[in-house]
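Below is one structure, written out as structure tokens, with a few remarks after it.
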Amino acid sequence: MPAFKYRAVDRTGRAARGSLDAMNEVDLELRLRRMGLDLITFSEVKKSAGGFGRGSRITRRDLIAFCFDMEQMTRSGIPLLDGIRDLRDTVENPHLREVLSTLIENMEGGSILSQTMAQHPQVFDKVFVSLIRAGEQAGRLTEVFESLATTLRWQDELAAQTKQLMMYPVVVLVVVVAVMMFMLTYLVPQVVTLLKTMGLVLPPQTRALIAISDFVINYWPLVFAAPILLAVAAVFLLRLSPKAQYWWDYAKLHSPVIGPVLQKIILSRFTNFFALMYRSGITVLEAIKTSEDIVANRVIADGLMRAGQQINSGESLTEAFRNLGIFPPLVIRMMRVGEATGALDESLTNVTYFYNRDVKDAVDRGLAMIGPALTVVLGGMLMLIMWAVLGPVYDILGNLKF
């Protein structure tokens with residue numbers, strides 16, 4: 001469907017600009033009229049591979065605001081369709097405005113909210129749609145929107161923590177690589193030239209450093225291209241091979257520093273959404289099935305699938321999760337208490353709090369440890385280079401007689 005940039009005015013005469021998908025000019029004018037806008041001018045634009053431009057992409061923060069507004073409107077008793085119309089007229093993101101217009105059109109045609117949301121999987125994922133469907137069936141849409149807003153806000157904070165954990169080592173790694181390349185391509189050749197003019201017998205470590213420096217200088221395109229080519233090949237392999245994806249997820253979970261933190265983040269996300277789905281009336285088996293996509297890790301998703309099979313065969317939820325071997329005993333004990341008392345959603349919420357606290361502590365500890373560790377690594381590499389370069393000079397100075 002073509003995309004159009006348009007200029008329009010609303011009922012109060014205020015100008016509005018944006019982008020909208022439409023079949024043609026007539027369809028564009030009809031869509032804008034449903035949004036309460038009168039078309040002035042338009043022009044067709046070619047959409048990039050990512051659809052709308054970056055500024056109109058629907059972000060997690062847009063969804064948080066949407067869920068919060070929907071919660072307030074449903075709590076106030078405003079009819080659902082009227083509330084979405086009002087929200088469409090005030091939202092700034094043109095892409096979200098178009099999605100809301102589509103929701104209104106489909107609901108006016110007789111569809112319910114969850115059915116119309118399911119037609120936009122790039123905006124509303126399976127969990128979102130399942131929770132809205134459960135809320136519609138149980139008459140608890142207000143609680144569902146409130147829980148979704150809280151969960152998405154938590155997810156946004158968790159993503160920020162993870163980005164913070166990864167950003168610092170990446171920056172330091174870039175600095176280390178830049179320093180090493182400078183020394184190997186500029187500093188080492190200068191010093192080596194001086195050593196050769198002195199007619200010294202170079203030790204093995206100096207000859208090895210010279211060989212590395214010569215390789216970097218003579219084959220620098222290969223040095224820079226090789227990591228990029230390997231990364232591209234790895235990405236294609238992971239996209240094409242489910243077995244490679246499984247082993248990559250396994251390696252991430254068992255990596256020395258990031259692995260334990262990543263596992264806690266995944267399990268925190270799982271317990272949080274599982275509690276939300278269970279509280280909304282979704283069955284345990286359906287919640288586990290949906291959670292296989294939430295965890296975004298094939299190793300844990302495979303474990304959840306086995307747990308679902310065990311529960312389907314008659315095992316209790318606690319025993320099935322205990323057999324996975326990925327939950328600590330304290331979490332299993334909390335689940336057992338929740339299952340015995342009939343307050344499983346509260347127990348899972350406590351589990352989420354348990355993991356959130358652990359993730360925050362782990363991120364803080366990781367950030368505190370990464371700096372000194374990378375400093376030691378950088379210092380060690382520089383020390384090896386200086387030892388290989390200055391070792392012969394110190395030998396000469398030691399043989400001098402004053």
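Return the residue satisfying two criteria in turn: it lies in the range 266-283 and is among the aliphatic types (A, V, I, L, M) and assigned to a helix (DSSP H, G or I), and of such residues it is nearest to the chain's Cα centre (by Cα).
Taking the candidates together, the pick is Ile266.
Touching a helix residue (DSSP H, G or I) at 6+ places or on another chain (Cβ under 9 Å), touching a residue at least 24 places away in the same chain (Cβ under 8 Å), part of a helix (DSSP H, G or I) and surrounded by fewer than 19 Cβ atoms within 10 Å (Cβ to Cβ): does that describe Asp82?
Against the criterion (touching a helix residue (DSSP H, G or I) at 6+ places or on another chain (Cβ under 9 Å), touching a residue at least 24 places away in the same chain (Cβ under 8 Å), part of a helix (DSSP H, G or I) and surrounded by fewer than 19 Cβ atoms within 10 Å (Cβ to Cβ)), Asp82 does not qualify.
Report, by residue number, each residue of the range 345-368 that is of a type in the set (Val, Ile, Thr) and modelled with pLDDT under 75.
Of everything in the range 345-368, just one residue is of a type in the set (Val, Ile, Thr) and modelled with pLDDT under 75, namely Val363.
Mind checking which residues of the range 303-320 are touching a Phe, Trp or Tyr at 6+ places or on another chain (Cβ under 8 Å) and closer than 14 Å to Gln263 by Cβ?
Leu304 - this is the single residue of the range 303-320 that is touching a Phe, Trp or Tyr at 6+ places or on another chain (Cβ under 8 Å) and closer than 14 Å to Gln263 by Cβ.
For the range 350-363, name all the residues that are closer than 20 Å to Ser291 by Cα and loosely packed, with under 15 Cβ neighbours inside 10 Å.
Tyr353
Given the structure, is Val123 within 24 Å of Arg33 (Cα to Cα), surrounded by 15 or more Cβ atoms within 10 Å (Cβ to Cβ), of a type in the set (A, V, I, L, M, F, W, C) and under 26 Å from the mean Cα position of the chain (by Cα)?
It is true that Val123 is within 24 Å of Arg33 (Cα to Cα), surrounded by 15 or more Cβ atoms within 10 Å (Cβ to Cβ), of a type in the set (A, V, I, L, M, F, W, C) and under 26 Å from the mean Cα position of the chain (by Cα).
Return the total of residues in the range 282-293 being modelled with pLDDT under 80 and within 12 Å of Ser130 (Cα to Cα).
So the count comes out to 0.
Kindly list, by first and then second residue, each pair from a residue in the range 312-325 that is at pLDDT 85 or above to a residue that is of a type in the set (A, V, I, L, M, F, W, C) and outside any helix (DSSP H, G or I), limited to pairs with Cβ atoms under 9 Å and residues at least 6 apart or on different chains.
Phe321/Phe327
For the range 259-285, how many residues are free of Cβ contacts under 8 Å to residues at least 40 places away in the same chain and within 17 Å of Ile326 (Cα to Cα)?
Of the residues in the range 259-285, 4 are free of Cβ contacts under 8 Å to residues at least 40 places away in the same chain and within 17 Å of Ile326 (Cα to Cα).
Tell me whether the range 198-216 contains one or more residues that are assigned to a helix (DSSP H, G or I), β-branched (Val, Ile, Thr), under 18 Å from Phe182 (Cα atoms) and over 38 Å from the mean Cα position of the chain (by Cα).
Checked against the condition, which is being assigned to a helix (DSSP H, G or I), β-branched (Val, Ile, Thr), under 18 Å from Phe182 (Cα atoms) and over 38 Å from the mean Cα position of the chain (by Cα), the range 198-216 yields at least one hit.
So is Met181 assigned to a helix (DSSP H, G or I), over 30 Å from Arg7 (Cβ atoms), over 27 Å from the mean Cα position of the chain (by Cα) and modelled with pLDDT of 80 or more or not?
In short, yes.
Can you tell me which residues in the range 209-230 are surrounded by 13 or more Cβ atoms within 10 Å (Cβ to Cβ) and not β-branched (Val, Ile, Thr)?
Leu209, Ser213, Asp214, Phe215, Trp220
How about the range 33-64: which of its residues are surrounded by 12 or more Cβ atoms within 10 Å (Cβ to Cβ), at pLDDT below 90 and among the aliphatic types (A, V, I, L, M)?
If the condition is that a residue be surrounded by 12 or more Cβ atoms within 10 Å (Cβ to Cβ), at pLDDT below 90 and among the aliphatic types (A, V, I, L, M), then Met35, Leu37, Leu39, Ile40, Val45, Ile58 are the ones that fit.
Taking the stated definitions as given, is Val170 outside any helix (DSSP H, G or I), surrounded by fewer than 13 Cβ atoms within 10 Å (Cβ to Cβ) and of a type outside the set (Lys, Arg)?
So Val170 does not fit the description; no.
Working carefully through the options Ser347, Ser291, find the one that is closer than 19 Å to Leu148 by Cβ and buried (at least 20 other Cβ atoms within 10 Å of the Cβ).
Ser291
Hey, does the range 351-367 have a residue that's of a type in the set (S, T, N, Q) and within 26 Å of the chain's Cα centre (by Cα)?
The answer is yes, given that some residue of the range 351-367 is of a type in the set (S, T, N, Q) and within 26 Å of the chain's Cα centre (by Cα).
Go through the range 337-354 and give me each residue that's hydroxyl-bearing (Ser, Thr, Tyr) and over 12 Å from Phe274 (Cβ atoms).
Thr341, Tyr353
Can you say whether Met334 is assigned to a helix (DSSP H, G or I) and closer than 25 Å to Thr193 by Cα, as far as the supplied structure shows?
Criteria not met by Met334.
The values are calculated or read from the model by the stated rules, or taken from the named source; none is laboratory data. The model shown is predicted, which means the values in this text are computed figures rather than measured ones. With ideal geometry, Cβ positions are generated from the backbone for all residues, glycine too; neighbour counts draw on all protein chains shown.
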